[in-house]
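Undergrad: Okay, here's the structure, questions in a sec.
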Amino acid sequence: MKRRTLIKGGLSGLAALCASRTFAQAQLLDFLPTTDKKTFLPNWDSLEQYQVPDWFRDAKFGIWAHWGPQCQPERGDWYARGMYEEGSEQYKYHCDKYGHPSEFGFKDVINEWNAERWDPEYLVGLYKKAGAKYFMALANHHDNLDLYDSEHQKWNSTNVGPKKDLMAGWAKAAKRQGLPLGVSVHAAHAWRWYENAQLSDKKGALTGVPYDGKLTAADGIGKWWQGYDPQKLYAQNHPLSQNSKDDGSIHGQWNWGNGVYPPSKEYCDNFYDRTIDLIDKYNPELVYFDDTALPLWPVDDAGLRIAAHLYNKSVKKHGKANTVIFGKILDEQQRKCMVWDIERGQSNAIEPLPWQTDTCLGQWHYDRRIYDNNDYKSAKTIIHTLVDVISKNGNLMLNVPLRGDGSIDDKELDIVEEIGRWIAINGEGVYGTRPWKVFGEGPAMESAAPLSAQGFNEGKGKPFGSSDIRFVKKGAILYATLLGWPENQKAVIKTLKAGAYGKVAKVSMLGHSNKLDFSQTTDGLNVSLPERPSENIAFVLKLEGSFV
């Protein structure tokens, strides 16, 4: 059953919406029907017209700079929330490094963030060399700081912290490298996410002393933040949600249900204005929302209006919606309206519509402990994920965490460069491909873990080995990628046994100049492999012939 849409009745429904909200005339014109182009209205039925552009389906691999002020402490993801969770590791770290959160809150962490070694030209060039075909930059996180010259959020990176328009730097570098620009927007959740900042310690010398989450502009007189209202950052001038003091309860309230205190109209409208400003100022081709469906849905239609605006803006420029929006935990209709994003996980089947998984070398925000303990994902793990995902009609977006100062560490650099070396040899079997009738074979398929919430099934199945093979197709060519090297230098592809899916006429391996000897029997396609390549990650066989 389709969700009930917020707008029905065409222009009459739109008129009703306009009567209840303030629309700029130019934005309203974007929604009005014309005879020469497809028009998107801010409702699910209208957004269902959307079709994923071929450039995105061809790209397969993107890199994400999930980088902001929470990287400054170098203590992992969700720091601006964890530092207010009494007794947590991040709370203890914060008290030792900065002081108690009643005196030194996250606003003060922002003030220490200078991004002094950030070099977007170098970084985006590195990502392109590693094989990325699109680039994503963090525009804001749940910490609610806009990392661009924001007209509707005074707490932004041009006024505080680095005092730089970070998005402008990323956008310029992406354009120079010829990569489509993406922006990731997470700030819709600051309302609920920052509620811990309203609390206080339950024990110890500062029991009952409030953290800084309820401070107002009047409290800033004589402070570095004089003239700035902390409530525009923390958004905590409201009662706590149900069970807010249970740190884990936020996950069950991510869809604005289960007792979350409803966000105000002012809050929702401000989020809408900030995001429209971001889109119109930097012209991204991709917009990632860290939300169930769209931001603030179903308590507000801001996300629907943003989606319609972005698509109509693209239609005006390209004649079609040539942009991409990502959303999580989508129902059947919503998957037609945007690209389904799976966080840290992947589907276990060929999906009928294009999708994306996003994952990270370490944590989403930089964590120095991962560097110290050599806990980054390997290039092999990333490539295996990429090969598996594209076989099922997906793309992979990889976050490479940057240090607080904006630099990439040496261990991450080695991994990124190793990925690039593999793709330089094997990219033919990645870019521009489409899923085949069968996505693969091998024991890893039998132990695949189911998705949990928005994803989170990566690493829970059996590791890939030499018997695991993934398929993609490009025109008449079938590519079979071996996720390990057979011990006897003989590959057996059971799926391609004689009489099953067609006849193989020629076999070669990318990166190897000579054709390979093979036989197609009732047991499978048997291939004699050449000497083992030095890049011991995955091995792409190029199969020519006639395939059904």
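Read-outs: derived from the displayed coordinates by stated rules, not from any lab. Nothing here was measured: the structure is a model prediction, and the numbers come from that model. With ideal geometry, Cβ positions are generated from the backbone for all residues, glycine too; neighbour counts draw on all protein chains shown.
Undergrad: Test of understanding: ordering Lys313, Lys328, Lys154 by Cβ neighbours within 10 Å, fewest first, what list do you get?
TA: Lys154, Lys313, Lys328
Undergrad: Where Rh is the Kirkwood radius over the Cα pairs of the range 391-548, the temperature 4 °C and the viscosity 1.567 mPa s, what D in µm²/s does Stokes-Einstein return?
TA: The Stokes-Einstein estimate is 75 µm²/s.
Undergrad: Next up: Which value in deg cm²/dmol, rounded to the nearest 500, describes the helix-derived mean residue ellipticity at 222 nm for the chain, given -39,500 (n - 2.57) per DSSP H run of n ≥ 4 and division by the residue count?
TA: Helix-only estimate at 222 nm: -7500 deg cm²/dmol.
Undergrad: Let me ask something additional. If R₀ is 41 angstrom, what is the calculated FRET efficiency for the pair Val209 and Asn348, using the beta carbon separation as r and rounding to 0.05?
TA: Approximately 0.25, to the nearest 0.05.
Undergrad: What is the pair-distance distribution P(r) of the range 297-393, computed from all Cα-Cα distances in 10 Å bins starting at 0, with each bin given as a whole percent?
TA: 13, 33, 30, 20, 4, 0
Undergrad: May I ask you to list the lysines whose Cα is less than 16 Å away from that of Lys265, ignoring any residue fewer than eight positions away on the same chain?
TA: Lys232
Undergrad: While we're looking at this one, here's another question. Angle check, please: helix 379-390 long axis (alpha carbons) against the longest principal axis of the chain (alpha carbons), in degrees 0 to 90, nearest 10.
TA: 80 degrees
Undergrad: Calculate the dipole size of the chain relative to its Cα centre from +1 charges on Lys and Arg beta carbons and -1 charges on Asp and Glu beta carbons; express the result in debye to the nearest 20.
TA: Using Cβ point charges on Lys, Arg, Asp and Glu, the chain gives about 1820 debye.
Undergrad: Between Rg and the Kirkwood Rh of the range 465-547, both from Cα atoms, what is the Rg to Rh ratio?
TA: Taking Rg over the Kirkwood Rh, I get 0.92.
Undergrad: Another question about this same structure. How big is Rg to Rh over the chain, alpha-carbon atoms, Rh as the Kirkwood inverse-mean-distance radius?
TA: 1.00
Undergrad: About the Cα centre, and with charges only on the beta carbon of Lys, Arg (+1) and Asp, Glu (-1), how big is the dipole of the range 90-209? Nearest 20 debye, please.
TA: Around 480 debye, computed over the range 90-209.
Undergrad: Ok, one more. May I ask you to sort Leu215, Leu304 by Cβ crowding, counting other Cβ atoms within 10 Å and putting the fewest first?
TA: Placing the least packed residue first, the sequence is Leu215, Leu304.
Undergrad: Does anyone have the angle between helix 11-20 and the longest principal axis of the chain? Alpha-carbon axes, 0 to 90°, nearest 10?
TA: The helix 11-20 is inclined about 40 degrees to the chain.
Undergrad: Related question: Mind ranking 198-211, 266-279 by how tightly packed they are, going by the mean number of other C-beta atoms within 10 angstrom, highest first?
TA: Going from most to least packed, we get 266-279, 198-211.
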